[in-house]
1. State whether the residues of segment 24-34 include one that is outside the structural domain of residue 162 (by TED's automatic domain parsing), surrounded by 17 or more Cβ atoms within 10 Å (Cβ to Cβ) and within 15 Å of the chain's Cα centre (by Cα).
2. If you check residue 92 against the conditions, is it at pLDDT 85 or above, in the same structural domain as residue 14 (by TED's automatic domain parsing) and part of a helix (DSSP H, G or I)?
3. Do we find a residue being more than 24 Å from residue 171 (Cβ to Cβ) and in a helix (DSSP H, G or I) anywhere in segment 29-37?
4. Within the group 36, 65, 75, which residue is under 11 Å from residue 21 (Cβ atoms) and in contact (Cβ under 8 Å) with a residue 12 or more places away in the chain?
5. For residue 122, all conditions in the list (1) surrounded by 13 or more Cβ atoms within 10 Å (Cβ to Cβ); (2) assigned to a helix (DSSP H, G or I); (3) at pLDDT below 65; (4) over 18 Å from the mean Cα position of the chain (by Cα) hold save one; what is the number of the exception?
6. Please work out which one of (1) under 20 Å from residue 175 (Cβ atoms); (2) free of Cβ contacts under 8 Å to residues at least 12 places away in the same chain is the condition residue 45 fails and give its number.
7. Give the residue that is surrounded by the fewest Cβ atoms within 10 Å (Cβ to Cβ), with candidates limited to residues of segment 48-62 that are free of Cβ contacts under 8 Å to residues at least 24 places away in the same chain and assigned to a helix (DSSP H, G or I).
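The values are calculated or read from the model by the stated rules, or taken from the named source; none is laboratory data. Owing to the predicted nature of the structure, the values given are computational and were not obtained by experimental measurement. Here the Cβ is made from the backbone with ideal geometry for all residues, glycine too, and neighbour counts use every protein chain on show.
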């Protein structure tokens, strides 16, 4: 096995993960998928503990594996086990996101509030305006591609995480994240005139 330093208590599982990271470094996407499947629960647990917000933690989790994809060649097994390396990346990403605030979450909440306003205490004029806004939100949703609308509806109406949506649709996680992000940008553009005219 080489020097004692090389065999710093590497279990069979760790050796498998080291092999996967090596394949990821060579550009093997299936190796990244296998590494994700094997490790995402524990990585997500750490990220969620730091951020205390599931949707933000889901985004950071994707960022972690994107960084793994880009930096797999830098992994050095002599400096620690694969999981320790992953957890270091995850902790760093989660803390960065925590410090940067929750702007994404706030903008999502402002869109959600639009659909959930209580009409009971509203005047007839306000009720009409609210109905009009809701119609505009539905119209904006209809401007999305079928794929974008599907992931956004699963996320917001069914409360599914990105990984749960990927599993349900049989799509790669990165595809789900991209469709969600592009859909949200398109929605924001469609709704900006309405949001600005609110004042």
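1. Among the residues of segment 24-34, not one is outside the structural domain of residue 162 (by TED's automatic domain parsing), surrounded by 17 or more Cβ atoms within 10 Å (Cβ to Cβ) and within 15 Å of the chain's Cα centre (by Cα), which makes the answer no.
2. Numbers: at pLDDT 85 or above: yes; in the same structural domain as residue 14 (by TED's automatic domain parsing): yes; part of a helix (DSSP H, G or I): yes.
Judged against the criteria, residue 92 is a match.
3. no
4. On the way: 36 fails: under 11 Å from residue 21 (Cβ atoms); 65 fails: under 11 Å from residue 21 (Cβ atoms).
Exactly one of 36, 65, 75 is under 11 Å from residue 21 (Cβ atoms) and in contact (Cβ under 8 Å) with a residue 12 or more places away in the chain, namely 75.
5. (2)
6. Of the numbered conditions (1) under 20 Å from residue 175 (Cβ atoms); (2) free of Cβ contacts under 8 Å to residues at least 12 places away in the same chain, the odd one out for residue 45 is (1).
7. Quick first cut of segment 48-62, residues free of Cβ contacts under 8 Å to residues at least 24 places away in the same chain only: 48-49, 52.
Checking which are assigned to a helix (DSSP H, G or I) leaves us with 48-49.
Numbers: 48: 17, 49: 11.
Among those residues, the one meeting the criterion is 49.
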